[in-house]
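Accompanying notes for the structure given below.
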Amino acid sequence: MPEEFRIEIPQIDPRWARSLVSLAAVVLAALALLSSAVYSVGTESVGVIQRFGRYVGTVDPGLRFKLPLGIDKVTILPVKRQLKMEFGFGTAGARDQFQMSREQDREADMVTGDLNAAHVEWVVQYEISDPEQFLFNLREPADTLRDLAESVMREVVGDRTVDEVLTIGRQGIENAAITKLTDLVTGLEMGLRVQQVQLKNVHPPSAVQASFDEVNRAQQEREEMINRANGEYNKVVPRARGEAERKIESAEGYAVKRVNEAKGDVARFAALLEQYEKAPDVTRQRLYLETISEILPKLGSKVILDADVQQFLPLMNLQQFKPEKN
């Protein structure tokens with residue numbers, strides 16, 4: 001090889017090499033120790049600290065430190081997040097392993113109180129209320145909650161008829177289930193708070209679905225006809241009652257009018273009789289004249305003859321008998 005291309009490699013002292021290796025090992029150990037001592041808690045969670053397996057306490061969200069080398073163990077629990085469990089169905093993409101139903105058909109198929117079958121799908125929403133109880137009182141609190149929820153729902157559905165389960169009894173089932181489940185969770189000190197039990201899809205088994213649909217349609221038609229009849233009743237009956245009241249009031253008014261008129265006639269006749277008894281001739285003459293004055297204007301053209309007249313024609317004014325022009 002030509003001399004101008006020759007490269008000389010300096011020799012490293014073995015003592016320096018051993019020092020560098022030791023320093024790198026120390027740095028790596030320090031980094032590993034630091035990484036095991038630092039952790040973070042999310043905004044919706046708390047950290048439960050165990051030191052040599054014994055519960056020490058909880059820490060709030062943020063960047064935290066713990067004793068390394070396995071001395072402290074931290075379990076992150078989402079205490080401010082609403083959790084849920086689905087029974088009889090499952091939502092795709094759920095991150096919580098306890099949310100999905102593992103045996104959907106078995107969980108949803110139930111027997112009602114009248115020995116009919118029903119397919120019931122429901123949801124339980126809950127949250128972690130006490131981290132210490134949740135971690136240490138039961139070995140598998142989430143699995144236990146699933147078993148309790150299924151047991152309670154079967155009990156509540158088994159106390160009702162199939163018509164209640166499918167139609168009008170949904171709200172009552174939800175209320176009864178959340179009450180019973182809350183009592184069980186509180187009694188077992190599971191560290192959980194049940195927030196809601198909600199029925200989702202409730203229907204009869206597929207083998208009898210068509211028959212139930214026919215029954216539901218018949219019930220809906222019956223309700224529709226009843227509502228229509230009630231509407232006609234509310235429209236016709238009040239109108240008839242108003243008409244009847246109007247006629248009754250009109251008749252009562254006419255009766256009062258006639259009674260008052262009769263009383264007036266009686267009073268007038270009594271007064272006239274009193275005057276007649278005082279002066280019969282004068283009163284008789286006055287009554288005669290008053291009657292004639294009322295009757296004669298209604299007769300129109302009239303001719304008054306004297307019974308002793310001998311020549312009728314010369315005394316008459318024939319002009320007054322001309323027919324009136326229309």
Go through segment 187-221 and report how many residues are farther than 24 Å from E174 by Cα and among the charged types (D, E, K, R). 3
Mind checking whether some residue in segment 169-177 is over 30 Å from L77 (Cβ atoms), in a helix (DSSP H, G or I) and touching a helix residue (DSSP H, G or I) at 6+ places or on another chain (Cβ under 7 Å)? yes
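For (1) farther than 21 Å from L145 by Cα; (2) in contact with a strand residue (DSSP E or B) (Cβ under 8 Å, 6 or more places away or on another chain), each residue gets a yes or a no:
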{"residue": "G62", "(1), (2)": "yes, yes"}
{"residue": "T91", "(1), (2)": "no, no"}
{"residue": "F98", "(1), (2)": "no, yes"}
{"residue": "E103", "(1), (2)": "no, no"}
Filter segment 54-93 for residues that are touching an Asp or Glu at 6+ places or on another chain (Cβ under 8 Å) and among the aliphatic types (A, V, I, L, M); which is nearest to S40 (Cα to Cα)? V79
Going residue by residue through segment 126-144, is there one that turns out to be over 21 Å from L192 (Cα atoms), surrounded by 15 or more Cβ atoms within 10 Å (Cβ to Cβ) and either among the small types (G, A, S) or in contact with a helix residue (DSSP H, G or I) (Cβ under 6 Å, 6 or more places away or on another chain) (or both)? no
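Within segment 99-155, take every residue that is among the acidic types (D, E) and either in contact (Cβ under 8 Å) with a residue 60 or more places away in the chain or not assigned by TED's automatic domain parsing to the domain that holds L184 (or both) and give me the one that is nearest to S206 (Cα to Cα).
So the first thing to find is which residues in segment 99-155 are among the acidic types (D, E), and the list is 103, 105, 107, 109, 114, 121, 127, 130, 132, 140, 143, 147, 150, 155.
Then drop every residue that is not either in contact (Cβ under 8 Å) with a residue 60 or more places away in the chain or not assigned by TED's automatic domain parsing to the domain that holds L184 (or both), which leaves 109, 121, 127, 130, 132, 150.
Values: D109: 11, E121: 14, E127: 35, D130: 42, E132: 45, E150: 21 Å.
By that ranking, first place goes to D109.
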Among the numbered criteria (1) of a type in the set (D, E, K, R); (2) within 22 Å of Q99 (Cβ to Cβ); (3) in a helix (DSSP H, G or I); (4) modelled with pLDDT under 90, which one does K180 miss? (4)
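Among F52, F87, F98, F65, which is the only one that is at pLDDT 90 or above and within 54 Å of the chain's Cα centre (by Cα)?
Exactly one residue qualifies, and that residue is F87.
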Give the residue that is surrounded by the most Cβ atoms within 10 Å (Cβ to Cβ), with candidates limited to residues of segment 259-315 that are among the polar types (S, T, N, Q) and modelled with pLDDT of 75 or more. T283
Among the residues listed as V111, V120, V152, the single one being within 30 Å of F212 (Cβ to Cβ) and modelled with pLDDT of 95 or more: V152
Scan segment 177-187 and give yes if some residue there is surrounded by 10 or more Cβ atoms within 10 Å (Cβ to Cβ), hydrophobic (A, V, I, L, M, F, W, C) and more than 25 Å from the chain's Cα centre (by Cα), otherwise no. yes
In contact with a Ser or Thr (Cβ under 8 Å, 6 or more places away or on another chain) and farther than 30 Å from H203 by Cα: does that describe G90? no
Quickly run through segment 131-159 and pick out the residues that are in a helix (DSSP H, G or I), closer than 13 Å to T112 by Cα and in contact with a Gly (Cβ under 9 Å, 6 or more places away or on another chain). V156, V157, G158
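The values are calculated or read from the model by the stated rules, or taken from the named source; none is laboratory data. Computed from a prediction, not measured in an experiment: that's the story for all the values here. We place every Cβ from the backbone using ideal geometry, glycine too, and count neighbours over all the protein chains shown.
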